[in-house]
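The values are calculated or read from the model by the stated rules, or taken from the named source; none is laboratory data. None of these values were measured; they are calculated from a predicted model. A quick note on method: Cβ atoms are made from the backbone with ideal geometry, for glycine too, and the neighbour counts reach across all protein chains shown.
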Amino acid sequence: MRFPLHITTDNIRLQWRNARAGNRRYPFVLMLEPLYACNLACLGCAPERHTGKLADRLPLASCLRAVSDAAAPIVSICGGEPLMYPELPELVEEIISRRKHIYLCTNALLIERHLFDEIPPDKRLTVNIHLDGQRETHDYVCDRAGVYDHAVAMIRACLQRGYHVFTNTTVFKQTDIAEVEKLCAEMTEIGVHGMLVSPGYHYESVDKDMFLTRTDIERKFKRVLEFSEHYRLTSTPMFLEFAAGLRDYRCSPWSTVTYTPRGWKGPCYLIGEKYYETWEEFWNGVDWEYWESRQDRQCQNCAMHSGFEASVVTELRNSPRDMLRLASWNFLT
């Protein structure tokens, strides 16, 4: 299977439970950002995600309350660099005890120090390592030499120790898609369990000419779509067709909710129009209909998986063919 069985069954239960309750909108994923501190300042990252102080991190109790409030089956722990979060071992243990699945997003620099001896492998834990290209490209994006070689060494070490490992690659304007395919081939040879390839989002606070227009995204992802069947990409075929401009979806900003040191981020993981202190204020305060429509100027060049993979899933009921195709894609790998 492309995803562990428990992730598939948990998501099916989530959809069934909400369908019975008559809920059209509900979180699939909680993006939990316990801190904004980071040991890198990557060129494509919004400054607020790597300029925070460790002292300003979320308390453990606040993180766990957010997990309960969102009630999503998947928790993506990001930031910032989550391996800098002192309470991370307790946070991971508590989330797993609640039968949630964790994607631990990391640049891999602190894996030896804060993963191997503190957080054991678990079927409900995926280590998600950032790789935005091969050596020259990734080190350029990270603005530091040697990051790529260290990340690849840590991927090998994680796999040897029994961790479930994904890689996460963002496509920018300058990204050579042929290099992305070579990276996928290299990661396949190493034995990673999955690879996420997604178009970058243009944060207004990042003043660099490296982000994609909608035309750029479609052109590049037509190439990704061509080689996707040869590798364990975690993006669904329908999402890749959407990114390539071959089909269209409304956004599902409510599917990936984000909790940060500033509170609940609205309307989505990418756009912080407003931060809310409580879950109720956030869930009832965002104009979901407006943001679903993609009419806002900040949405014009967005094709991020965080907004559209849930749209693929919720539209499956309208297409038995897509439903069978998705089942085949997940089970026959």
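Name the single residue, out of those in segment 80-96 being surrounded by 22 or more Cβ atoms within 10 Å (Cβ to Cβ), in a loop (DSSP other than H, G, I, E, B) and not charged (D, E, K, R), that is modelled with the lowest pLDDT.
Filtering first and then ranking leaves Gly80.
Just wondering, is there one or more residues in segment 20-28 that are under 20 Å from Ser306 (Cα atoms), in a loop (DSSP other than H, G, I, E, B) and in contact with a Cys (Cβ under 9 Å, 6 or more places away or on another chain)? Steps first, answer last, please.
Let us first name the residues in segment 20-28 that are under 20 Å from Ser306 (Cα atoms), namely 23-28.
Narrowing the set further to residues that are in a loop (DSSP other than H, G, I, E, B) leaves 23-28.
Now restrict to residues that are in contact with a Cys (Cβ under 9 Å, 6 or more places away or on another chain): none.
Scanning segment 20-28, I find no residue that is under 20 Å from Ser306 (Cα atoms), in a loop (DSSP other than H, G, I, E, B) and in contact with a Cys (Cβ under 9 Å, 6 or more places away or on another chain), so the answer is no.
When segment 255-268 is examined, which residues are found to be closer than 27 Å to Glu218 by Cβ and surrounded by 23 or more Cβ atoms within 10 Å (Cβ to Cβ)?
First pass over segment 255-268, keeping only residues closer than 27 Å to Glu218 by Cβ: 255-256, 258, 267-268.
Of everything in segment 255-268, those that are closer than 27 Å to Glu218 by Cβ and surrounded by 23 or more Cβ atoms within 10 Å (Cβ to Cβ) turn out to be Thr256, Thr258, Pro267, Cys268.
Give me the residue from segment 143-154 that is buried (at least 17 other Cβ atoms within 10 Å of the Cβ) and in contact with a helix residue (DSSP H, G or I) (Cβ under 8 Å, 6 or more places away or on another chain) and, out of that set, farthest from Val165 (Cα to Cα).
Val147
Looking only at segment 113-137, count every residue that is in contact with a Leu (Cβ under 6 Å, 6 or more places away or on another chain) and over 23 Å from Ile95 (Cα atoms) and tell me the total.
Qualifying residue count for the region: 1.
Can you tell me which residue in segment 29-66 is modelled with the lowest pLDDT, limited to those that are part of a helix (DSSP H, G or I) and surrounded by 21 or more Cβ atoms within 10 Å (Cβ to Cβ)?
Keep residues of segment 29-66 that are part of a helix (DSSP H, G or I), which gives 47-49, 54-56, 60-66.
Restricting the remaining residues to those that are surrounded by 21 or more Cβ atoms within 10 Å (Cβ to Cβ) gives 49, 63, 66.
Working: Arg49: 68, Cys63: 98, Ala66: 98.
Step by step, filter segment 29-66, then rank; the result is Arg49.
Being modelled with pLDDT of 95 or more, touching a helix residue (DSSP H, G or I) at 6+ places or on another chain (Cβ under 7 Å), more than 18 Å from Pro27 (Cα to Cα) and hydroxyl-bearing (Ser, Thr, Tyr) narrows it down to one of Tyr249, Tyr276, Tyr231, Tyr259, so name that one.
On the way: Tyr249 fails: more than 18 Å from Pro27 (Cα to Cα); Tyr276 fails: more than 18 Å from Pro27 (Cα to Cα); Tyr259 fails: more than 18 Å from Pro27 (Cα to Cα).
Among Tyr249, Tyr276, Tyr231, Tyr259, only Tyr231 is modelled with pLDDT of 95 or more, touching a helix residue (DSSP H, G or I) at 6+ places or on another chain (Cβ under 7 Å), more than 18 Å from Pro27 (Cα to Cα) and hydroxyl-bearing (Ser, Thr, Tyr).
Out of Glu226, Glu273, Glu289, Glu281, which single residue is in contact with a strand residue (DSSP E or B) (Cβ under 7 Å, 6 or more places away or on another chain) and surrounded by fewer than 18 Cβ atoms within 10 Å (Cβ to Cβ)? Please lay out each step first, then the result.
Details: Glu226 fails: in contact with a strand residue (DSSP E or B) (Cβ under 7 Å, 6 or more places away or on another chain); Glu289 fails: in contact with a strand residue (DSSP E or B) (Cβ under 7 Å, 6 or more places away or on another chain); Glu281 fails: in contact with a strand residue (DSSP E or B) (Cβ under 7 Å, 6 or more places away or on another chain).
Every option except Glu273 fails the conditions.
Which count do you get for residues in segment 115-138 that are surrounded by fewer than 18 Cβ atoms within 10 Å (Cβ to Cβ), touching a Phe, Trp or Tyr at 6+ places or on another chain (Cβ under 7 Å), part of a helix (DSSP H, G or I) and of a type outside the set (Lys, Arg)?
Of the residues in segment 115-138, 0 are surrounded by fewer than 18 Cβ atoms within 10 Å (Cβ to Cβ), touching a Phe, Trp or Tyr at 6+ places or on another chain (Cβ under 7 Å), part of a helix (DSSP H, G or I) and of a type outside the set (Lys, Arg).
Restricting segment 95-150 to residues that are in contact with a Ser or Thr (Cβ under 9 Å, 6 or more places away or on another chain) and hydroxyl-bearing (Ser, Thr, Tyr), which is nearest to Asp69 (Cα to Cα)?
Tyr103
Being more than 19 Å from Asp10 (Cα to Cα) and either in contact with a strand residue (DSSP E or B) (Cβ under 7 Å, 6 or more places away or on another chain) or surrounded by fewer than 19 Cβ atoms within 10 Å (Cβ to Cβ) (or both) is the filter here; which residues of segment 102-114 pass it? Can you show your working first?
Restricting attention to segment 102-114, the residues satisfying the condition of being more than 19 Å from Asp10 (Cα to Cα) are 105-114.
Within segment 102-114, Cys105, Thr106, Asn107, Ala108, Leu110, Glu112, Arg113 qualify.
For a quick check of your reading of the model, give me the residue pairs whose first member lies in segment 44-73 and is more than 15 Å from Met31 (Cα to Cα), whose second is polar (S, T, N, Q), with beta-carbon atoms closer than 6 Å and at least 6 apart or on different chains.
These pairs meet every condition: Ala46/Ser205; Pro47/Ser205.
Does segment 142-198 hold any residues that are part of a helix (DSSP H, G or I), charged (D, E, K, R) and in contact with a Phe, Trp or Tyr (Cβ under 7 Å, 6 or more places away or on another chain), and which are they?
Within segment 142-198, the first condition is being part of a helix (DSSP H, G or I), and the residues that meet it are 142, 147-160, 177-190.
Of the ones still in play, those that are also charged (D, E, K, R) are 149, 156, 179, 181-182, 186, 189.
Hit for segment 142-198 is Glu181, nothing else.
Where residues in segment 101-121 are under 19 Å from the mean Cα position of the chain (by Cα) and free of Cβ contacts under 8 Å to residues at least 40 places away in the same chain, which of them is nearest to Arg2 (Cα to Cα)?
Filtering segment 101-121 for residues that are under 19 Å from the mean Cα position of the chain (by Cα) and free of Cβ contacts under 8 Å to residues at least 40 places away in the same chain, the one nearest to Arg2 (Cα to Cα) comes out as Ile102.
Taking the options Glu309, Glu315, name whichever one is under 22 Å from the mean Cα position of the chain (by Cα), part of a helix (DSSP H, G or I) and surrounded by 18 or more Cβ atoms within 10 Å (Cβ to Cβ).
Numbers: Glu315 fails: surrounded by 18 or more Cβ atoms within 10 Å (Cβ to Cβ).
Only one candidate passes the filter, namely Glu309.
Collect the residues in segment 170-182 that are surrounded by fewer than 22 Cβ atoms within 10 Å (Cβ to Cβ), among the aliphatic types (A, V, I, L, M) and under 21 Å from the mean Cα position of the chain (by Cα), keeping them in residue-number order.
Correct list: Ile177 only.
Tell me yes or no: at least one residue of segment 146-164 is free of Cβ contacts under 8 Å to residues at least 24 places away in the same chain, closer than 16 Å to Ala41 by Cα and charged (D, E, K, R).
Checked against the condition, which is being free of Cβ contacts under 8 Å to residues at least 24 places away in the same chain, closer than 16 Å to Ala41 by Cα and charged (D, E, K, R), segment 146-164 yields no hits at all.
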